[in-house]
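A.B. asks: Can you read through this structure? Questions will come right after.
The values are calculated or read from the model by the stated rules, or taken from the named source; none is laboratory data. These numbers were taken from a predicted model, which means no experiment stands behind them. Neighbour counts are summed over all protein chains in view; Cβ atoms, including those assigned to glycine, are modelled from backbone coordinates with ideal geometry. These accessible areas exclude ligands, DNA and RNA; they are computed on the full protein's heavy atoms, side chains included. Shrake-Rupley method; radii C 1.70, N 1.55, O 1.52, S 1.80 Å.
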Amino acid sequence: MVTLDFWSQEMFLDANGQKTVTEYLTVLINQFQKNKMEIPTDLDAFMIETLESLNNDLNAIEFSNFPLKITPEFDNSLTEQSMKN
């Protein structure tokens, strides 16, 4: 069993096989703006480092050059719904 820190958990749960890294960065920026929080200057580097760790160290996500359908056991439909609200 692996315990993830806050950001690793958020990024894992947000992975839906449909977003590019650039699109996901836009989602994060929009969340900061929506909550009237200052956007960290290193958000992009931090996000990429976290995603690479999830991929390389934990094998929790994978990168693809095309959209992927998430298998049902990893489908986070509730998380996706909350991001739309």
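A.B. asks: Provide the per residue accessible area, probe 1.4 Å, for the chain, rounded to a whole number of square angstrom.
C.D. replies: Values: 6540 Å² over 85 residues.
Averaged over the residues of the chain, the accessible area is 77 Å².
A.B. asks: Compute the length gained on full extension between Ile29 and Phe46: take 0.36 nm times their separation in residues and subtract their Cα-Cα distance, giving the result in nm to one decimal. Could you put the intermediate results ahead of the total?
C.D. replies: Numbers: separation 17, 0.36 × 17 = 6.12 nm, distance 1.27 nm.
Between Ile29 and Phe46, full extension yields 4.9 nm more.
A.B. asks: HN-Hα J couplings of segment 16-29 from phi, Karplus 6.51/-1.76/1.60, θ = phi - 60°, integer Hz, Gly and Pro as x?
C.D. replies: Values per residue, Gly and Pro as x: 10, x, 10, 9, 7, 4, 5, 5, 5, 4, 4, 4, 4, 4 Hz.
A.B. asks: Separate question: Which whole-number percent is the relative contact order of the chain (Cα, under 8 Å, 6+ apart)?
C.D. replies: On the way: 42 pairs, mean separation 39.2, N = 85.
The normalised contact order for the chain reaches 46 percent.
A.B. asks: In the chain, which longest range has no GluC sites (Glu not before Pro) that are both DSSP loop (not H, G, I, E or B) and surrounded by at most 15 other Cβ atoms within 10 Å?
C.D. replies: Numbers: sites that count: Glu38, Glu62.
Free of exposed loop sites, the longest segment is 1-37.
A.B. asks: Provide, for q = 0.11, 0.16, 0.18, 0.23 Å⁻¹, the log10 of I(q)/I(0) from a solvent-free Debye sum over equal Cα point scatterers in the chain.
C.D. replies: After summing over all Cα pairs, the log10 values are -0.30, -0.65, -0.84, -1.37.
A.B. asks: Lys19: which aspartates and glutamates have alpha carbons under 16 Å from its alpha carbon, excluding same-chain residues fewer than 8 sequence positions away?
C.D. replies: Here the aspartates and glutamates satisfying the reach criterion relative to Lys19 are Glu10, Asp44, Glu52, Glu62, Asp75, Glu80.
A.B. asks: What is the percent carbon and sulfur in the accessible area of the chain, measuring with a 1.4 Å probe over the protein chains and ignoring ligands? Write down the numbers at each step before the final one.
C.D. replies: Details: 3540 of 6540 Å².
Carbon plus sulfur share of accessible area: 54 percent.
A.B. asks: Give a residue-ordered list of calculated ³J(HN,Hα) values for segment 38-46 (Karplus: 6.51 cos²θ - 1.76 cosθ + 1.60, θ = phi - 60°; whole Hz; x for Gly, Pro).
C.D. replies: 5, 7, x, 5, 9, 4, 5, 5, 4
A.B. asks: From the phi angles alone, apply the Karplus equation (6.51, -1.76, 1.60; θ = phi - 60°) to segment 59-67 and give each ³J(HN,Hα) in whole Hz, x where the residue is Gly or Pro.
C.D. replies: Rounded to whole hertz, the list is 6, 8, 9, 9, 9, 9, 7, 8, x.
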